[in-house]
Amino acid sequence: MLKGKTAIVTGGSRGIGEAIVYKLASLGADIAVIYAGNVSAAENVCEKCINEFKVEARAYKCNVADFNETKETVAKIKSDFGTVNILINNAGITRDGLIAMMKEEDFDSVLDTNLKGAFNMIKHCSGIFIRNREGSIVNITSVSGILGNAGQCNYSASKAGLIGLTKSVAKELAPRGIRCNAVAPGFIETDMTGNQTDNPLLKMIPLGTMGKTEDIADAVAYLVDAKYVTGEVLRVDGGIAM
């Protein structure tokens, strides 16, 4: 389905990003994995893509919050792969705390990575997409950006901002054949969340369980190829944000 396409996945070396990489690779896409620090994890992901899915895959170290670094990284990816067709903005961090005690740098760092990072990547990929007259962008937001979450004003603000960014970019780029959508995960099992069977939040989820990273990857794959869908925010949350 995606054979001959090149996809960039930020934060693609673990968790949700890793699942997205494998899903897109399984559909035939060549993959550029952007990672922040763990080179061995990123290279292992690429190795699996090459050996198991028989696609081209390369890892690129990049701080997505840095405008110039993202510009250089996108240029390198274009040089290596020839073009870019798909952009998945998944990279994100948390610096949780109550607003009365939150440090300014904790607010800024989350907004810089989660929101400005997505802007940087879209900005530098948009020229490629416009020249190709096609492209698909999927931003990974969160139900925290829809509902808000106590102790996460920075994270919730960044994810709400991603929703606004998604809709504005969708309207701007639609005439050029470029689509921009978002996936809003709920409570997802990852290495970071660990065993949450006793977490009271589970009682708030109508379906009663945490989601899998593969659930998010499936939603991303749908939006990547959904030719008549743009500006959409697809919740994958077991119903918690209904």
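Pairs meeting the criteria (first residue in the stretch 70-96 and over 14 Å from Ala29 (Cα atoms), second residue assigned to a loop (DSSP other than H, G, I, E, B) and of a type in the set (Lys, Arg), beta carbons under 9 Å, at least 6 apart or on different chains) are Arg95/Lys103. The residue that is modelled with the highest pLDDT, counting only those in the stretch 190-209 that are under 23 Å from Gly12 (Cα atoms) and surrounded by 12 or more Cβ atoms within 10 Å (Cβ to Cβ), is Thr190. Restricting the first member to the stretch 200-214 and to residues that are under 13 Å from Glu189 (Cβ atoms), and the second to residues that are assigned to a loop (DSSP other than H, G, I, E, B) and of a type in the set (Val, Ile, Thr), the beta-carbon pairs closer than 6 Å and six or more apart or on different chains are Ile205/Ile240. Restricting the search to helices (runs of 4 or more DSSP H) fully inside the stretch 31-136 and requiring at least 2 residues that are more than 14 Å from the chain's Cα centre (by Cα) and surrounded by 21 or more Cβ atoms within 10 Å (Cβ to Cβ) gives 39-53, 67-81, 117-132. If you filter the stretch 137-153 down to residues that are in contact (Cβ under 8 Å) with a residue 60 or more places away in the chain and in a helix (DSSP H, G or I), you find that the one that is nearest to Leu24 (Cα to Cα) is Ile146. Taken as a whole, the structure places Gly4 among residues that are within 27 Å of Leu173 (Cα to Cα), assigned to a loop (DSSP other than H, G, I, E, B) and free of Cβ contacts under 8 Å to residues at least 60 places away in the same chain.
Of the residues making up the stretch 224-237, none is in contact with a Cys (Cβ under 9 Å, 6 or more places away or on another chain) and without any contact (Cβ under 8 Å) to a residue 12 or more places away in the chain.
The values are calculated or read from the model by the stated rules, or taken from the named source; none is laboratory data. As the structure is a computational prediction, the values presented were derived from the model and not from experiment. Reconstructed Cβ throughout: ideal geometry from the backbone, glycine too, with neighbour counts over all protein chains shown.
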